[in-house]
Amino acid sequence: VFVNGNITNGFYKVAAGTSDTVPVVVGFGVNSLFPPSWAPDGSELVVGEALGYPYRRFRIVDFGGKSLFTSPTLGDWGADWAPDGTRIAFASTRDSVNGQPRALFVMNVDGSNATRLTTGIYADINSSAAWSPDGSKIAFLGSQTPGVNQLWTVNPDGTGLTEVFTNSAAVQPTAVGWSPAGDSLIYRQAVTDRVYAVAAPTDTGAGRPVSTLMNGQRSFDWVG
């Protein structure tokens, strides 16, 4: 388990299945804006490091060493590790097209073969992308009008861009994740400050609340 530390801005490890609750710093201290994303085999993490706006970069943490694999002069945000362990999905400002600088990208875990997946969509830099469990889709937040996010899925080769439900901007989605079966998405609806589940990749409505709690729902994850 890893948490972001407020004192040294680092990631910390807490032993699982034991009575040990003393956190241990993992790898290095980093001022991160996003939660880390696990490698599928659990041996590494990808984390984002803030270098001062607008620049960000990613590091691979292997529980002792560190590997920088994006340029410190590029704006890269919200990385998520592909289920097969070979690629990373992320939002970036590295390639401005038609005046739209923030796009969704995928690249190899060594930083090679960065490929732009979206045009005409401003990929949100304040939320992480999310691979489906079978690696066939990537869910992300992005807008056709800057500042008004919609909920999208896209294939890893850039085809099949789909808004999950019509006018998803109306609910102001701020985070997204996949169910373990890959048949549903969960997202935070800022309008109601609640977490909703919705069928993926297309649905006729904004989904259903996943809890009877009325407000204040911001962080979520699927179990099993």
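The values are calculated or read from the model by the stated rules, or taken from the named source; none is laboratory data. Bear in mind the structure is a predicted one, so any value in this text is a computation, not a measurement. Heads up, the Cβs are rebuilt from the backbone with ideal geometry, glycines too, and the neighbour counts pull from every protein chain shown. SASA here: full protein model, heavy atoms, side chains in, ligands and nucleic acids out. Shrake-Rupley method; radii C 1.70, N 1.55, O 1.52, S 1.80 Å.
Report the net charge of residues surrounding Ala181, where surrounding means a beta-carbon distance below 14 angstrom and charges are Lys +1, Arg +1, Asp -1, Glu -1.
Summing Lys/Arg as +1 and Asp/Glu as -1 gives -1.
Provide the per-residue ³J(HN,Hα) series for segment 168-176, in order, calculated from phi with Karplus coefficients 6.51, -1.76, 1.60 and θ = phi - 60°, each as a whole number of Hz, with x at glycine and proline positions.
5, 4, 5, 9, 6, x, 10, 6, 8
With a 1.4 Å probe and all protein chains kept in place, how do Asp183, Asp124 rank by accessible area, largest first?
Ranked list, largest accessible area first: Asp183, Asp124.
With every protein chain kept in place and ligands, DNA and RNA left out, what is the accessible area per residue of segment 122-191? Probe 1.4 Å, answer in Å².
37
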